[in-house]
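As structure tokens, the structure follows; a few thoughts come after it.
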Amino acid sequence: SKENTIKEFLPLVDNLERAVTAADNAPDVASVLTGVKMVLSGFADIASRLNLKRLETEGASFDPTKHDAVQQIETDEHPVGTIVTEMISGYMLNDKLIRPAMVTVAK
């Protein structure tokens, strides 16, 4: 199982290595950005096949079973307990949390 999963992700590593090489000779940042976006799109495809889902955070209510509040911010723009920003994405594999999202919460 682990071997098959690793094989799914190896092409992403290959593409990231190509992006780094291409960045050395890129005439502009836009072309590098396009390559990185393609790698992220590849990750999304693999994640979908593996039933790995990114948690929805910004604008959602803070849930201590899915989110780690690393910061609180005083604001009148959001209700208390609303996630204002996400610092690190959280992920669910099937119905199991494999990494909580690190977030800023309104107070």
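The values are calculated or read from the model by the stated rules, or taken from the named source; none is laboratory data. Keep in mind the model is a prediction, meaning the values are calculated, not measured. Note that each Cβ is placed from the backbone with ideal geometry, even for glycine, and that neighbours are counted across all protein chains shown. SASA here: full protein model, heavy atoms, side chains in, ligands and nucleic acids out. Shrake-Rupley method; radii C 1.70, N 1.55, O 1.52, S 1.80 Å.
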message = Any residue at all in the range 33-41 that's open to solvent by less than 80 Å² (accessible area, probe 1.4 Å), at pLDDT below 90, assigned to a loop (DSSP other than H, G, I, E, B) and aliphatic (A, V, I, L, M)?
response = no
query = Within the range 1-32, which residues are outside any helix (DSSP H, G or I) and loosely packed, with under 14 Cβ neighbours inside 10 Å?
reply = S1, P27, D28
ask   = In the range 45-87, how many residues are under 30 Å from S1 (Cβ atoms) and among the small types (G, A, S)?
value = 2
Subset of the range 42-55 that is in a helix (DSSP H, G or I) and not hydrophobic (A, V, I, L, M, F, W, C) - its residue that is least open to solvent (accessible area, probe 1.4 Å) = G42
inquiry  = Suppose the filter is open to solvent by 70 Å² or more (accessible area, probe 1.4 Å) and part of a loop (DSSP other than H, G, I, E, B); does E58 pass it?
reply    = yes
task = Give me the pairs, please: first residue somewhere in the range 79-100 and within 12 Å of H67 (Cα to Cα) and charged (D, E, K, R), second residue anywhere and open to solvent by less than 70 Å² (accessible area, probe 1.4 Å) and modelled with pLDDT of 95 or more, beta-carbon distance under 6 Å, and either six or more positions apart or on two chains.
result = E86/T57; E86/A101; E86/V103; R99/G90; R99/Y91
query = Any residue in the range 85-96 that is charged (D, E, K, R), outside any helix (DSSP H, G or I) and open to solvent by less than 50 Å² (accessible area, probe 1.4 Å)?
reply = yes
key: First in the range 53-65 and closer than 11 Å to P100 by Cβ and at pLDDT 95 or above, second anywhere and of a type in the set (D, E) and in a strand (DSSP E or B), Cβ under 6 Å, 6 or more apart   = T57/E86
request  = Report whether or not T104 is out of contact with any Leu (no Cβ under 9 Å at 6 or more places or on another chain), among the polar types (S, T, N, Q) and modelled with pLDDT of 95 or more.
outcome  = yes
remark   = Residue count, the range 75-84, condition in a loop (DSSP other than H, G, I, E, B) and either among the small types (G, A, S) or under 24 Å from S48 (Cβ atoms) (or both), comes to 1
